[in-house]
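Read-outs throughout are calculated quantities, based only on the coordinates presented, and are distinct from any laboratory measurement. Computed from a prediction, not measured in an experiment: that's the story for all the values here. All Cβ positions, glycine included, derive from the backbone under ideal geometry; neighbour counts span all protein chains shown.
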Amino acid sequence: MSAAREELAGVLEALRLPADDAQIGQLLQYLELLQRWNAVYNLTAVREPAHMLTLHLADSLSLLPALDRRAPRRVLDVGSGGGLPGLVLAIMRPQWQLVLVDAVQKKCAFLQQVAATLQLRNVEVLHGRIEGLRLPGFDCITSRAVGELAELVRISEHVLLAEGAWAAMKGSVPEAEIRALPAGIVHDIEFLDVPGLRAQRCVVWMHRAQAPAAGRPGDS
């Protein structure tokens, strides 16, 4: 077993995420493609393969247990960039429909190449700004790159279903951003345990006041 495969297996085990050999192979192939394209297109500031596995793969995988409790059918990844967390979610949850949006053409070209190479039939890549796109509604909108929470809500609220939720991945709790959320948007903080990462990570769940809160461990 290669070092990367062994490390990835350890991450999946720590997160209690079952994955078959095909999915593990796809995750590692995605990592290889990200490294190769990054040398030319500068998709991420992270260069070392081992760091990519922790900071990108493990980080994105850590969101899955939280998302699983909502069991979304359609997920939008805003500002998908190098496909984080969108492509990782698509590999691990082939039953979900993933739409990946980015305003940078070269990043969309990479996303399309990965989806084609890995035969991810549940992935659609769209080039453009989400505020200008008219799409069917989504159960969940993820983001790892959009800066401000209020901005994420502003640009994507028109494509979130009435009972849908945003899942914004952050480092430490963004108190100032939370205070700036528009009226009628409520939030919940869920801390993420990223194997191998000694830094705080969390997901800020947001939904309209009348929508149900994100499911939490032990909820009935």
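Structure notes:
- Bridge orientation summary for the range 3-208: considering DSSP beta bridges with both residues in this region, about 40 percent are antiparallel.
- The length gained on full extension between Ala199 and Gln119, counted as 0.36 nm times the residue separation minus their Cα-Cα distance, comes to 25.4 nm.
- Sequence of Ile189, Ile24 once ranked by neighbouring C-beta atoms within 10 Å, starting from the fewest: Ile189, Ile24
- Angle between the chain longest axis and helix 21-41 axis [Cα atoms, degrees, rounded to 10]: 90 degrees
- Arranged from fewest to most other beta-carbon atoms within 10 Å of their beta carbon, Asp77, Asp102, Asp21, Asp193 become Asp21, Asp193, Asp102, Asp77.
- Cβ-based exposure ranking for Leu34, Leu84, in which fewest neighbours within 10 Å come first: Leu34, Leu84
- Net lengthening on full extension, Val104/Ala209 (0.36 nm per residue, minus Cα-Cα): 34.5 nm
- The sum of -39500 (n - 2.57) across all DSSP H runs of n ≥ 4, divided by the residue count of the chain, sets its helix-only mean residue ellipticity at 222 nm to -10000 deg cm²/dmol.
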